[in-house]
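Asker: Quick one: structure below, then a few questions.
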Amino acid sequence: METTVLKPDVPAGVEPLLLEVADVVNTTLDLDTTLRRVAELVRKVIDYEIFAIMLLNEKTQELYIRFQVGHPREIAERLRVKVGEGVTGVAAQRREAVLVGDVTKDKRYISSVPNVRSELAVPLIVKNKIIGVIDIESPQADHFTEEHQRLLMLIASRMAIGIENARLYTRTTRQARTLVLLNEIARELTSILNVDELLKRIAELLSRLIDYQMFSILLLEPGGEKLQHRFSLRFQENIQLKHDIALGRGLVGYAAQHKQAVLVPDVSKDSRYIMANPETRSELAVPLIYKDKVIGVLDLEHTRRGFFTEDHKRTVTTLAAQVAIAIENARLYEEIARQEKRLERDLALARELQFRLLPHSLPKVTNLDFAAKFAPARAIGGDLYDFVSYSLSRTAIVVGDVSGKGAPAAIYAALVSGILRSHAPIEPGPAEMLSAVNFSLGERRIEGQFVSLIYAVWDDANRTLQVANSGLPRPVYCHDGKIEIIEATGLPLGLFDDAEYDEFTFRAKPGDMFVFFSDGILDARNKAGEMFTREQIEQIVAKCANVSADCVVNSLFKAVADHAAGEETFDDQTVVAIKVKGRSGKRK
């Protein structure tokens with residue numbers, strides 16, 4: 001705990017009080033308990049009828065009541081006092097106690113309790129920073145004395161640090177709980193592949209985070225001009241709302257058009273608000289964004305002014321990213337399921353949908369070149385690759401091979417892709433990601449379906465690569481003119497709940513190259529039934545070592561095609577190569 005230097009003189013005979021103050025500061029980090037005990041301590045030395053601890057909202061520069069005795073509840077919940085206004089606002093602005101013997105003669109006084117005559121406000125200061133004000137009032141004129149002022153200043157100087165510590169602890173604890181809950185929610189959402197069921201579950205899970213009264217999910221219609229109500233709750237009752245909202249109109253239309261969350265404490269004071277429910281007082285609208293494209297809006301409303309906070313905004317914004325992925329995943333799954341029913345005539349469309357799941361472009365990374373290619377054995381297949389941007393100049397590389405062929409493998413690959421994307425925001429390491437995907441697939445195990453996956457994370461600042469493998473062929477690492485096999489192996493995902501995965505780390509230098517490929521490359525057979533060999537792969541990598549990543553990918557596919565010499569392709573084929581930029585040099 002921190003200690004605060006006592007500024008006011010210590011009146012004689014208050015040492016026991018100081019010991020009690022120190023006891024509060026040093027024995028509890030619960031904010032409600034701290035505030036209650038402050039009120040109890042003050043009552044021991046000052047007889048009051050009306051008491052409040054007001055904390056400062058730094059963003060709005062307003063004081064709000066966090067704990068009170070004697071204030072009407074409905075007024076206490078709504079009261080906001082600007083710094084510099086009222087007796088408490090002046091105390092906060094001047095950083096000094098304000099004693100008013102008769103408030104009826106003081107123009108600064110703001111009435112919140114009837115028949116008040118005298119008031120004493122003392123600022124709470126931590127490290128020269130105002131965090132709030134202790135305020136006491138009395139129906140008697142001149143009830144508070146200078147001795148009361150000195151005592152309250154003494155208590156406030158000690159208790160400010162206790163209140164701040166408790167507030168920081170409460171905030172940190174709440175954020176930790178919220179993050180854990182968000183992770184649980186994200187994991188559950190990825191397992192729901194029916195859109196209507198998903199939207200209903202989103203409403204249920206969100207209520208565990210925020211006690212909203214009205215909730216809606218609006219999705220952008222295909223033309224991109226209107227938001228359509230897809231799911232709505234009013235006081236826990238499911239209702240059907242038919243009216244559409246034009247993009248840019250109202251709070252939800254503004255959130256969608258500008259791709260930013262909108263928090264309105266009082267809708268009656270916001271010109272953008274469109275009255276749809278007369279009871280609404282505060283509203284929070286957060287856009288649902290998938291791959292930088294708005295797909296809808298998540299909207300919360302409440303009958304209390306100022307109900308939604310910045311913490312609510314941050315929480316819902318974080319959740320919205322997971323919700324958007326889950327909705328897109330569910331919509332994609334439903335679309336593929338419909339295509340499966342008419343696969344005979346729609347395979348070309350299914351192929352196009354699958355390729356839309358693949359990256360539209362290769363990552364732009366300062367120290368690394370990328371090359372990738374995927375060729376399904378049939379019209380659609382079960383291989384996949386992806387690139388995911390992490391923070392701090394890191395990029396995740398994904399190569400996968402789903403069991404089976406055709407439409408079932410493609411649907412399962414879409415599921416795996418959605419699960420990967422849902423976990424990516426927390427930026428797990430390779431082994432951690434494989435375990436997370438394995439756990440998610442285990443929760444919705446499909447008989448005979450599994451996926452082999454390589455997950456690697458490139459750190460561009462440090463030029464390091466972390467690799468973990470769950471059943472794909474071992475990758476090739478070319479450096480210093482040598483070919484090395486990365487001995488990363490592991491069980492496929494979706495088969496065994498308790499599977500564990502090893503993680504390998506490589507510190508690369510300019511000219512180094514890593515090559516990842518699916519087993520469709522090794523399974524290619526010629527007319528004599530001979531498979532394409534690992535030795536042939538290593539020879540091609542060696543020849544392209546000083547050329548480019550594109551050289552490896554293109555040469556491998558050409559060599560495999562020449563080897564098969566017109567034989568039917570047996571398995572999907574995928575190759576991803578990365579090459580560290582710069583001229584290679586000998587290692588010391």
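The values are calculated or read from the model by the stated rules, or taken from the named source; none is laboratory data. Values in this document were obtained by computation on a predicted structure and should not be read as measured data. When we count neighbours, we look across all protein chains shown, and the Cβ atoms used for this are built from the backbone with ideal geometry, even at glycine.
Asker: Consider ASP196 carefully, then state whether it is among the charged types (D, E, K, R), touching a Lys or Arg at 6+ places or on another chain (Cβ under 9 Å) and not assigned by TED's automatic domain parsing to the domain that holds LEU415. Talk me through it step by step, then tell me what you get.
Answerer: On the way: among the charged types (D, E, K, R): yes; touching a Lys or Arg at 6+ places or on another chain (Cβ under 9 Å): yes; not assigned by TED's automatic domain parsing to the domain that holds LEU415: yes.
Judged against the criteria, ASP196 is a match.
Asker: Which condition number in (1) touching a Ser or Thr at 6+ places or on another chain (Cβ under 6 Å); (2) in a helix (DSSP H, G or I) is the one that ASP401 fails?
Answerer: If we test ASP401 against (1) touching a Ser or Thr at 6+ places or on another chain (Cβ under 6 Å); (2) in a helix (DSSP H, G or I), just (2) comes out false.
Asker: Based on what the data block shows, is ILE217 in a strand (DSSP E or B), surrounded by 12 or more Cβ atoms within 10 Å (Cβ to Cβ) and among the β-branched types (Val, Ile, Thr)?
Answerer: Working: in a strand (DSSP E or B): yes; surrounded by 12 or more Cβ atoms within 10 Å (Cβ to Cβ): yes; among the β-branched types (Val, Ile, Thr): yes.
Yes: the conditions hold for ILE217.
Asker: Hey, another quick one. What is the residue count in the range 70-84 for residues that are in contact (Cβ under 8 Å) with a residue 24 or more places away in the chain and in contact with a helix residue (DSSP H, G or I) (Cβ under 6 Å, 6 or more places away or on another chain)? Show your work before the answer.
Answerer: So the first thing to find is which residues in the range 70-84 are in contact (Cβ under 8 Å) with a residue 24 or more places away in the chain, and the list is 70-72, 75-81, 83.
Keeping just the survivors that are in contact with a helix residue (DSSP H, G or I) (Cβ under 6 Å, 6 or more places away or on another chain) gives 81, 83.
The number of residues fulfilling the criteria is 2.
Asker: Another question, if that's okay. Looking only at helices (runs of 4 or more DSSP H) that fall completely inside the range 1-110, which ones have 1 or more residues that are modelled with pLDDT under 90, over 19 Å from ILE163 (Cα atoms) and not basic (Lys, Arg)?
Answerer: Ranges flagged: 15-27, 31-45, 73-78.
Asker: Can you find even one residue in the range 555-567 that is over 17 Å from LEU472 (Cα atoms), among the hydroxyl-bearing types (Ser, Thr, Tyr) and in contact with an Asp or Glu (Cβ under 8 Å, 6 or more places away or on another chain)?
Answerer: no
Asker: Can you find even one residue in the range 433-448 that is crowded, with 18+ Cβ neighbours inside 10 Å, of a type in the set (Val, Ile, Thr) and more than 23 Å from ALA371 (Cβ to Cβ)?
Answerer: Yes, the range 433-448 has at least one match.
Asker: Can you tell me which residues in the range 449-473 are over 26 Å from LEU368 (Cβ atoms) and either surrounded by fewer than 23 Cβ atoms within 10 Å (Cβ to Cβ) or small (Gly, Ala, Ser) (or both)?
Answerer: Answer for the range 449-473, where residues must be over 26 Å from LEU368 (Cβ atoms) and either surrounded by fewer than 23 Cβ atoms within 10 Å (Cβ to Cβ) or small (Gly, Ala, Ser) (or both): just GLN449.
Asker: Same structure, new question: For the range 239-270, which positions are within 18 Å of ALA203 (Cα to Cα) and free of Cβ contacts under 8 Å to residues at least 12 places away in the same chain?
Answerer: Across the range 239-270, the qualifying residues are ILE239, GLN240.
Asker: What's the total number of residues in the range 454-489 that are part of a loop (DSSP other than H, G, I, E, B), more than 11 Å from SER435 (Cα to Cα) and in contact with a strand residue (DSSP E or B) (Cβ under 9 Å, 6 or more places away or on another chain)?
Answerer: Looking only at that region, the number is 13.
Asker: Next question, about the same structure. For the structure I just gave you, tell me whether LYS200 is assigned to a helix (DSSP H, G or I) and either touching a residue at least 24 places away in the same chain (Cβ under 8 Å) or surrounded by fewer than 18 Cβ atoms within 10 Å (Cβ to Cβ) (or both).
Answerer: Answer is yes for this residue.
Asker: Also: Going residue by residue through the range 280-290, is there one that turns out to be assigned by TED's automatic domain parsing to the domain that holds LEU319, outside any strand (DSSP E or B) and either modelled with pLDDT of 90 or more or surrounded by 12 or more Cβ atoms within 10 Å (Cβ to Cβ) (or both)?
Answerer: yes
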